[in-house]
Amino acid sequence: MSYWGYHLVLDCSDCNREAITNPDVIREFSHTLVEEIDMVAYGDPQVIHFGHNEPHLTGWTLIQLIETSNIVAHFCDESGEGYIDIFSCKQYNVDTAVDVVERFFQPRKIRKTFLTRQAD
């Protein structure tokens, strides 16, 4: 069966702190992920550091539009956690996406949730 969308949700614990606090690494992650899961970027990634009013929430956020939807990630400076979502109406290889996350951020553990999306 074909679905309208494919949504991978990754909850990553104890990531490499140097990687998740470096905007250049996060940008390179975005470019590499888009290429390796065979997507087309729509513009440059936005990589923004915010949440400064709540130290436990402070961190870098990535937003990368792709022609078939988006990639969004938030990394927490204090806890070393990473939360990554890949949503696309074009199918992609989930294992490849997880491999890219592991290579860039070396999380101790990844909780993976994969959803197929269909309105009816």
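The values are calculated or read from the model by the stated rules, or taken from the named source; none is laboratory data. The structure displayed is predicted, hence computed values, not measured ones. FYI the Cβ positions are ideal-geometry reconstructions off the backbone, even for glycines, and counts take in every protein chain you see.
State all residues of the range 45-73 that are of a type in the set (V, I, T) and out of contact with any Ser or Thr (no Cβ under 6 Å at 6 or more places or on another chain); if no residue qualifies, say none.
Going through the range 45-73, the residues of a type in the set (V, I, T) turn out to be 47-48, 58, 61, 63, 66, 68, 71-72.
Listed by number, the residues that qualify are V47, T58, T61, I63, I66, I71, V72.
Of a type in the set (F, W, Y) and either buried (at least 16 other Cβ atoms within 10 Å of the Cβ) or out of contact with any strand residue (DSSP E or B) (no Cβ under 7 Å at 6 or more places or on another chain) (or both) - does that describe any residue in the range 111-119? Steps first, please.
Narrowing the range 111-119 to residues of a type in the set (F, W, Y): 114.
Those left that are additionally either buried (at least 16 other Cβ atoms within 10 Å of the Cβ) or out of contact with any strand residue (DSSP E or B) (no Cβ under 7 Å at 6 or more places or on another chain) (or both): none.
No; the residues of the range 111-119 include none that is of a type in the set (F, W, Y) and either buried (at least 16 other Cβ atoms within 10 Å of the Cβ) or out of contact with any strand residue (DSSP E or B) (no Cβ under 7 Å at 6 or more places or on another chain) (or both).
Within the range 50-77, track down each residue that is surrounded by fewer than 16 Cβ atoms within 10 Å (Cβ to Cβ) and modelled with pLDDT under 95.
Listed by number, the residues that qualify are F50, H52, N53, E54, P55, H56, L57.
What pairs come up if the first residue lies in the range 17-32 and is within 13 Å of D44 (Cβ to Cβ), the second is surrounded by 14 or more Cβ atoms within 10 Å (Cβ to Cβ) and among the polar types (S, T, N, Q), and their beta carbons are under 7 Å apart, counting only those six or more places apart or on different chains?
Note: pairs meeting the criteria are S30/Q64.
Say whether the condition of being modelled with pLDDT of 95 or more, over 17 Å from V100 (Cβ atoms) and either in contact with a His (Cβ under 6 Å, 6 or more places away or on another chain) or surrounded by fewer than 16 Cβ atoms within 10 Å (Cβ to Cβ) (or both) is met by at least one residue in the range 34-43.
Taking the range 34-43 first, the residues modelled with pLDDT of 95 or more are 34-43.
Retained after the next criterion (residues that are over 17 Å from V100 (Cβ atoms)): 42-43.
Checking the rest, the ones that are also either in contact with a His (Cβ under 6 Å, 6 or more places away or on another chain) or surrounded by fewer than 16 Cβ atoms within 10 Å (Cβ to Cβ) (or both) come to 42-43.
For the range 34-43, residues modelled with pLDDT of 95 or more, over 17 Å from V100 (Cβ atoms) and either in contact with a His (Cβ under 6 Å, 6 or more places away or on another chain) or surrounded by fewer than 16 Cβ atoms within 10 Å (Cβ to Cβ) (or both): present.
Taking the range 28-42 only, how many residues are over 15 Å from N93 (Cα atoms) and of a type in the set (A, V, I, L, M, F, W, C)? Give the steps one after another, and end with the answer.
Initial filter on the range 28-42 (over 15 Å from N93 (Cα atoms)): 28-31, 41-42.
Okay, now just the ones that are also of a type in the set (A, V, I, L, M, F, W, C), so 29, 41.
The qualifying residues number 2.
Which one is nearest to H7 (Cα to Cα) among residues in the range 45-68 that are free of Cβ contacts under 8 Å to residues at least 12 places away in the same chain and not aromatic (F, W, Y)?
Filtering the range 45-68 down to residues free of Cβ contacts under 8 Å to residues at least 12 places away in the same chain leaves 50-54.
The next check asks that each one be not aromatic (F, W, Y); those that pass are 51-54.
Values: G51: 25, H52: 29, N53: 30, E54: 29 Å.
Out of the qualifying residues, it is G51.
Taking the residues in the range 78-106 that are aromatic (F, W, Y) and in a strand (DSSP E or B) as candidates, determine which candidate is surrounded by the most Cβ atoms within 10 Å (Cβ to Cβ). Explain how you work it out, then say what you get.
Keep residues of the range 78-106 that are aromatic (F, W, Y), which gives 83, 87, 92, 104-105.
Filter again for in a strand (DSSP E or B), leaving 83, 87.
On the way: Y83: 15, F87: 17.
Selected residue: F87.
Would you mind stating whether E81 is of a type in the set (D, E), more than 10 Å from the chain's Cα centre (by Cα), under 19 Å from S13 (Cα atoms) and modelled with pLDDT of 95 or more?
yes
Would you confirm whether or not the range 21-30 contains a residue that is surrounded by fewer than 16 Cβ atoms within 10 Å (Cβ to Cβ) and of a type in the set (V, I, T)?
Our first condition is that a residue be surrounded by fewer than 16 Cβ atoms within 10 Å (Cβ to Cβ); within the range 21-30, this holds for 23-24, 28.
Still in the running and of a type in the set (V, I, T): none.
Among the residues of the range 21-30, not one is surrounded by fewer than 16 Cβ atoms within 10 Å (Cβ to Cβ) and of a type in the set (V, I, T), which makes the answer no.
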